[in-house]
1. Here are R209, R198: which of them is within 16 Å of ligand 1 (Cβ to nearest atom) and in the same structural domain as T33 (by TED's automatic domain parsing)?
2. Would you mind stating whether G299 is in contact with a helix residue (DSSP H, G or I) (Cβ under 8 Å, 6 or more places away or on another chain), at pLDDT 95 or above and under 30 Å from N253 (Cα atoms)?
3. If you check V286 against the conditions, is it within 16 Å of ligand 2 (Cβ to nearest atom) and either aliphatic (A, V, I, L, M) or at pLDDT below 95 (or both)?
4. Restricting the first residue to the stretch 365-386 and requiring it to be farther than 19 Å from I498 by Cβ, which pairs with a second residue that is of a type in the set (D, E, K, R) and away from ligand 1 (no atom under 16 Å from the Cβ) meet a Cβ separation below 9 Å and a spacing of at least six or different chains?
5. Inside the stretch 581-631, can you point out the residues that are basic (K, R) and surrounded by 17 or more Cβ atoms within 10 Å (Cβ to Cβ)?
6. Filter the stretch 220-232 down to residues that are in a strand (DSSP E or B) and surrounded by fewer than 24 Cβ atoms within 10 Å (Cβ to Cβ), then give me how many there are.
7. With respect to the numbered conditions (1) over 20 Å from P77 (Cα atoms); (2) within 10 Å of ligand 1 (Cβ to nearest atom); (3) not hydroxyl-bearing (S, T, Y), which one is the sole condition not fulfilled by A333?
8. Could you grab me the full set of residues in the stretch 407-423 that are among the small types (G, A, S) and buried (at least 24 other Cβ atoms within 10 Å of the Cβ)?
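The values are calculated or read from the model by the stated rules, or taken from the named source; none is laboratory data. For clarity, every value in this text was computed on a predicted model and none was experimentally measured. Note: ideal-geometry Cβ built from the backbone for every residue, glycine included; neighbour counts use all protein chains shown.
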Amino acid sequence: MSYSSEYEASIQRPGEFWTEKAKQLEWFEFPDTPLAKDANGIDRWFVDGIMNTCHMALDYHVEQGRGEQVAIYYDSPVTQTKQAITYAELTARVATFAGALQEQGVKKGDRVLIYMPMVPEAAIAMLACARLGAVHSVVFGGFAASELAVRIDDAQPKVIVSASCGIEIDRIIEYKPLLDAAIEQAEHKPDNCIILQRPQAPASMIEGRDLDWHVAISDAPKAPCTPVNATDPLYILYTSGTTGKPKGVVRDNGGHAVAMRYSMSAIYNMQPGDVFWAASDVGWVVGHSYIVYAPLLTGLSTVLYEGKPVRTPDAGAFWRVAEEYKVKALFSAPTAFRAIKKEDPDAEFLKQYDLSALETIFMAGERLDPPTYNWVTGITGLPVIDHWWQTETGWGICSNLMGVDPKPCKPGSATLPSPGFDVRILDDEGNELGPNEQGNVAIKLPLPPACLPSVWGDFGRFKSGYLEQFEGYYTSGDGGYKDDDGYVFIMGRTDDVINVAGHRLSTGEMEEVLAGHPAVAECAVIGISCPIKGQLPIGLVLLKDGADIEEQQLNAELVASVRNTIGALACFKTALIAKRLPKTRSGKILRKLLRQISNGEDYSIPSTIDDPNSIPEIESLLRSHQLVASA
Ligand code: COA
Ligand code: AMP
């Protein structure tokens, strides 16, 4: 099968193409209608299919004789723990936890919020929700209480599942006080919280609300799989937009299962029984798709790793895990490999391990910069595959189909559009651009299975944020171009979203926090380049008239507020006092210009600028702090 025949079939005959792919899964009622519009006019996949994602991912494999195969390898260098959980055991544990949730009143359509570190119980809780047809919303452990509170209010969970603590490189993060504070701040209150007590920091419980995980499951019955419609939501996953309020990306059950199963073979070249490792976190889309759902839907063994690429205990961690579990494909973010390279530039650790089972390394989450691509290819001798995707799509929009027709890689490119994604480059007026012309990367509708049909509780936001800029297209928010061979190069966001260590963050949200300081009149947060984390946020602030505060003191207070309000993962460490910010005559801060200055890019001064002198002034401020990249 060639790439072009696979791709063309998906674009010319999408219904037929995806119906064929859907046959790889076990449905309760196979769908007759592949694609139909919903009440909002959005294309929906497999509208009359009846299924259960947990049944497809677990019970089905046990029925097929895969019960004794390992489903999850849990490897936790931070707690010195390892577990190998078979499909039979995982099915039983998930069914029991689903029974425990049911005893707390959780039923189809209810939301369950999961705020957990990288422990098997996080995956068990997700799959238990899927089993009941309940909708999970996993929140990454690095978020602070107020971020959690915003998500509690938006998703309105009946139950919250959490753990007493997470473990970072050199410290324990107590989750329970953060959870308690978030529930205190939120208007919506869950009926119950189920807490996994970890010996590293047991938590105090609130009587009548909190239930110990082990008590909850102690005499819970095993719950069967609840049949759901393919278009029923499986989960909500919040991601940063351009405003302070995160967007709840909605994922359906049927389209998601089909895209997960298909991509596992087509992109990652994995067959049932193989071992796959996505070194990410269940709090991110990569974790949802490629730690939990896609590997299990495919009958693989998946590695769930509670550690970092470095310092747990050393820069050989990735190679150790790859050897130990005979990982066939490893998927992580470029920032992880930059961190390894910094600590072990000559890859001395790699020499200690047998990587003969490892066939491919995949990367996503941010642009794979050519130096990192060249380093990883050079030290491993393996194909290193960049692929571009977003929380909204759930899988790679552009990729190299390693299981269909591998193409030569070009450093800096995510290769070609994945089947189902009709990727176009448009100018600001919506005209299609030719090869090598940079513009807005858009996807012609319909989107393939798994892509979001709405923003949770706010269809208007989905429409205005993604579908209105170019009629008939989904706007990705990324800029880029295609070369003469159709290879896609993603060059970065066109909006105020930045990418810090593979984590997507909103500068607008950080600006809201800075603007809340009593001394700050106005501010702008921009992403500056960082050799390890890709980008780091910095704040430029204007003081209110008469504000009497030293820059150092202000910096410390602003850094603490961002950490306490958004979370440590924002990596906000620098706020500078500026005299003026470049603005239009109507008072809009020229953020794009600020980004161009700090990136060391050429820029043109907009004719609408209020005071051209503000530009050299801000450039010299950034230069004096070494915050301008060399072009
Ligand atoms: N719970 C609580 N705190 C967390 C956390 C979690 N789950 N994850 C990160 N944090 C904290 C960290 O402890 C750190 O705190 P600090 O400022 O007190 O040191 C802060 O958030 C920033 O974390 P991070 O950006 O991860 O920095 P790091 O120095 O700990 O690690 C890397 C750097 C590159 C090793 C790490 O970011 C990494 O492995 N990245 C891979 C990215 C990834 O998986 N992306 C997902 C998409 S594929
Ligand atoms: P997230 O939704 O957190 O997965 O972040 C999605 C964003 O990360 C995209 O819109 C891109 O800006 C960026 N991104 C992800 N993968 C890549 C990639 N392979 N190349 C370039 N940018 C990427």
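1. None of the other options fit; the residue is R198.
2. Details: in contact with a helix residue (DSSP H, G or I) (Cβ under 8 Å, 6 or more places away or on another chain): yes; at pLDDT 95 or above: yes; under 30 Å from N253 (Cα atoms): yes.
Criteria met by G299.
3. Values: within 16 Å of ligand 2 (Cβ to nearest atom): yes; either aliphatic (A, V, I, L, M) or at pLDDT below 95 (or both): yes.
When the stated conditions are applied, V286 passes them.
4. I379/D346; L382/E359; P383/E359
5. Applying the first criterion (basic (K, R)) to the stretch 581-631 yields 583, 585, 588, 591-592, 595, 623.
Passing the criteria: K583, R591, R595.
6. Qualifying residue count, the stretch 220-232: 1.
7. (1)
8. First, the residues of the stretch 407-423 that are among the small types (G, A, S): 412-414, 418, 420.
Passing the criteria: S413, A414, S418, G420.
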